[in-house]
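Colleague: Quick one: this structure, given as structure tokens, is what I'll be asking you about.
Quick note: the coordinates plus some simple rules give every number you see, no bench work behind them. Nothing here was measured: the structure is a model prediction, and the numbers come from that model. Positions of Cβ are generated from backbone atoms using ideal geometry, with glycine treated the same way; all protein chains shown enter the neighbour counts.
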Amino acid sequence: MLRYIIKRLIWLAFVLLGLCAITFTLSRIIPSDPAASYLGPRPRPEQVEKVRVQLGLDKPLYVQFAYYMRNLVHGDLGESLRTHRPVLQGIWEHLPASLDLMITAIFIALSVGIPLGVLSAKKENTTLDHLTRLFSVANVSVPSFWLAMIFQIVFFRWLGIFPIGGRIDTVVNLVSPIKQITGFYALDALITGNWAALKSTLSHLILPSITLAAYSTGLIARMTRSTMLEVLREDYITTARAYGISEREILFVQALRNALGPTLTTAGLCFAFMLTGTFFVELIFFWPGLGTYTVNAIFLNDYPVIMGITIIMAVFYVVVNLAVDILLAVANPRIRLG
Amino acid sequence: MVMEIQKTKHNWLNKGREYWRGMNLILKNPLTTFGLGIIIILVATALLAPYLAPYPEQGRGMSNLKERLVPPGFRHPFGTDNLGRDILSRIIIGARTSLKAAIAVVLIVIAIGVPLGLIAGYFGGKVDEIIMRFADMILAFPSLLLAIAIVASLGPNLLNALIAISIPWWPWYTRLVRSQVISLKEMQFVESARAIGASRLRIMFRHILPNCLSPVIVQATLDMGYIILSLASLGFLGLGTQPPAADWGVMVSDGREFFLKQWWISTFSGVAIFLTVLAFNLLGDGVREALDPKIRWRFQRK
């Protein structure tokens, strides 16, 4: 077990090194001159030269890479070309909003996807099963940016139930502002007993998190269905039936317990996918998270921000993947470690 | 020699029957049939686009400022956009753009992934190790994020978007081909080719490659949905097809400015993306089930 973990960690180090090499290469093949864009519009040539020296751009590539790595190790992802603020700080400020969304979304995905999958497996090949499967595939196939806009038209423009976007109502935020403790609005409002803010936060959270959850819901329902089908064919389920254990208990306790492993793996990966998913959802719902930060950087061609986010997100993705694998190996001794 | 020919013939017949049986199995599921139906319509639309579109010039990008933002009606079934262009025509022409782009991605991916898989599988050892570890490293990235980072640095246009989507994608094909090659290279026909004195290259490309192409083609078909979705996503962020060419993702994004009142621009182009991706995914599920009842939904594929 320990050997497996160490092996995976060494591999992780290689992956991370490769990852930095890729982002470094990307940041150096940009057609525009980084030194010029650092200075803003119409820089004077001697200024550009000075900044080039200042940024270390006059050195050979491998020296630049070494600098880049040294800075990374110190947690320095560079400076935004537009705001001249450290990228890491920007990411740190925008992270809670995104996590807020992602955690709610994964919660929705699990609580909708698992029961659907169980139901679908129970009623295999009936109309209900077909409908559920269609629903899951539809969830996986729908472009999130489009779904988000449809939600806005239906729930904001036509029904007027939910706000169009943002994290909290401006008026509510002025009247009873949230004291920032954790950075998670809903949690902060709950801790401080700020009910008006809590209500506003939750109503702002619903549409974006459902949109973000769509893909994962479909995937989790699929996964639950297929593993449940396998588990329900096993002997111990027949035995349980013979003992007269109620069908509900068999489904949701006896069978689901053993079918949950792959589902949770999927959920872990979904959580990592959501990082890219938030780009689109946040953009449309004016959600001030990492997605908005990134998309703005893309529009402004602010490459240190783009590369910084790529690195941080890829690290997150790789680490979540690793954690899921290790957890699974710990939970299920039948898994052969290679 | 005669015997051999007869045997081959027999094999082909069997193979034909097998395909037919597989096809039947696939079509038994109503959802799969539905998916296949939509794909057939889509391909036909893409092929006949200039003839089907009511206003082909507008579909290609010519503006028509007299009829800006007309709601859906008799003259324009899906309405017009902010430059007065017929949405239906743009969606039809867009079908062509999307399919062409998706096919281009598949070809790039196959051109990179398949030879690498062949080499890794055939030579084994160090070469295999290096290629596969590199593939693993690429797969460790979230693919859409990598694609976004690549286009953001190469500069936004369609060609770069195609490259950007292909780079995170080829390792899947390398893995697929490699596993095929490893089992194929021990087969008797490879052995005999080697005994006759065929060169390595010849064995790899003439004897082994044709035998591992069918899973590659199946996989490529199944991947179309995801590729179209990725292209639309990049287009939506302004990193893919550039205006005035018709692209579904770009159209959804163009409609964003107006969509609370002029909802039709984004809605219909989004439906086109949704239905296309849905169709490919439904077909993919059916095929996967027909090929292997125990196979799992490939959740890694995003």
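Colleague: Set Lys and Arg Cβ to +1 and Asp and Glu Cβ to -1, take the dipole of the stretch B:163-279 about its Cα centre, and tell me which of B:VAL218, B:LEU278, B:VAL181 lies farthest positive.
Modeller: Farthest towards the positive end: B:VAL181.
Colleague: Ok, one more. Quick one: putting +1 on the C-beta of Lys and Arg, -1 on the C-beta of Asp and Glu, what dipole do you get for chain B around its Cα centre, in Debye to the nearest 20?
Modeller: Numbers: 31 positive and 18 negative charges, 111 e Å.
My answer is approximately 540 debye.
Colleague: Over the whole of B:161-174, what's the average partner chain Cβ count within 10 Å per residue? Rounded to a whole number, please. The partial results should precede the final answer.
Modeller: Numbers: counts 0, 0, 0, 0, 0, 0, 1, 0, 0, 0, 0, 0, 0, 0.
Mean partner-chain Cβ count within 10 Å for B:161-174: 0.
Colleague: Once the Cα atoms of helix B:143-154 and of chain B are each reduced to a long axis, what angle between those two axes, in degrees from 0 to 90 to the nearest 10, is obtained?
Modeller: That works out to roughly 70 degrees.
Colleague: I've got another one for you. Could you tell me which residue out of A:PHE135, A:SER226, A:SER111 lies farthest along the dipole of chain A toward its positive end? Charges go on the beta carbon: Lys and Arg +1, Asp and Glu -1, centred on the Cα centre.
Modeller: Checked the options; the winner is A:SER226.
Colleague: Go through the stretch A:245-250 residue by residue and turn each phi into a ³J(HN,Hα) via Karplus (6.51, -1.76, 1.60, θ = phi - 60°); whole Hz please, and just put x for glycine and proline.
Modeller: Taking θ as phi minus 60°, the curve returns 5, 4, 4, 5, 5, 4 Hz for the stretch A:245-250.
Colleague: With +1 on each Lys and Arg Cβ and -1 on each Asp and Glu Cβ, how big is the dipole of the protein assembly as shown about its Cα centre, in debye rounded to the nearest 20?
Modeller: Numbers: 58 positive and 38 negative charges, 244 e Å.
Taking the Cα centre of the protein assembly as shown as origin, the dipole is about 1180 debye.
Colleague: Just to confirm the number: angle between the C-alpha axis of helix B:125-139 and the first principal axis of chain B, 0 to 90 degrees, nearest 10?
Modeller: 20
Colleague: Okay, next question. Can you sort B:ARG75, A:ARG82, A:ARG167 by how many other beta carbons sit within 10 Å, fewest first? Mind showing how you got there, number by number?
Modeller: Values: B:ARG75 12, A:ARG82 16, A:ARG167 23.
The fewest-first ordering by Cβ neighbours comes to B:ARG75, A:ARG82, A:ARG167.
Colleague: Explain nothing, just compute: Karplus ³J(HN,Hα) = 6.51 cos²θ - 1.76 cosθ + 1.60, θ = phi - 60°, for every residue of the stretch B:81-88 in order, whole Hz, x for Gly and Pro.
Modeller: So the Karplus estimates, Gly and Pro as x, are 8, 5, 9, x, 7, 5, 5, 4 Hz.
Colleague: Continuing with this model, one more query. I'd like the mean, over residues of A:144-152, of how many other protein chain beta carbons sit within 10 Å of each residue's own Cβ. Don't skip to the answer; put the middle values down first.
Modeller: On the way: counts 3, 11, 15, 2, 2, 10, 7, 0, 4.
The per-residue average across the peptide is 6.
Colleague: Continuing with this model, one more query. Among the listed pairs B:LYS66/B:LYS261; B:LYS100/B:LYS261; A:LYS123/B:LYS28; A:LYS199/B:LYS261; B:LYS126/B:LYS185, give every one whose C-alpha distance is greater than 22 Å. Before the final figure, lay out the partial values.
Modeller: Details: B:LYS66/B:LYS261 19 Å; B:LYS100/B:LYS261 32 Å; A:LYS123/B:LYS28 18 Å; A:LYS199/B:LYS261 28 Å; B:LYS126/B:LYS185 17 Å.
Exceeds cut-off: B:LYS100/B:LYS261; A:LYS199/B:LYS261.
Colleague: Something else now. Considering the dipole of the protein assembly as shown built from charges on the beta carbon (Lys and Arg +1, Asp and Glu -1) around the Cα centre, which of B:LEU260, A:GLN152, A:VAL15 is farthest to its positive end?
Modeller: A:VAL15
Colleague: Treating the angle as unsigned and between 0 and 90°, give the value, to the nearest 10°, between the Cα long axis of helix B:264-291 and the longest Cα principal axis of chain B.
Modeller: Here the helix axis deviates by roughly 20 degrees.
Colleague: I've got another one for you. In deg cm²/dmol, rounded to 500, what helix-only [θ] at 222 nm does the protein assembly as shown give when every DSSP H run of at least 4 residues adds -39500 (n - 2.57) and the total is split over its residues?
Modeller: Numbers: 26 runs with 455 residues, N = 640.
Calculated at 222 nm, the ellipticity per residue is -24000 deg cm²/dmol.
Colleague: Setting aside same-chain residues fewer than 8 positions from A:LYS59, which aspartates and glutamates have a Cα under 14 Å from its Cα?
Modeller: A:GLU49
Colleague: Helix by helix, which DSSP H runs in chain A go 20 Å or more along their axis at the Cα atoms and have an average Kyte-Doolittle hydropathy of 0.5 or more? Walk me through the numbers before you get to the answer.
Modeller: Details: long enough: A:2-28 (39 Å, 1.42); A:87-122 (50 Å, 1.32); A:127-141 (21 Å, 0.45); A:195-232 (47 Å, 0.78); A:256-284 (39 Å, 1.20); A:303-331 (41 Å, 2.23).
Helices meeting the criterion: A:2-28, A:87-122, A:195-232, A:256-284, A:303-331.
Colleague: Give me the dipole magnitude in Debye, nearest 20, for the stretch A:88-331 about the Cα centre, with unit charges on the beta carbon: positive for Lys and Arg, negative for Asp and Glu. Walk me through the intermediate numbers first.
Modeller: Numbers: 13 positive and 14 negative charges, 95 e Å.
So the magnitude is around 460 debye.
Colleague: Okay, moving on. How crowded by other chains is B:149-158, given as the mean number of beta carbons from other chains within 10 Å of each beta carbon? Walk me through the numbers before you get to the answer.
Modeller: Details: counts 14, 5, 2, 14, 14, 4, 5, 2, 0, 0.
That works out to 6 on average.
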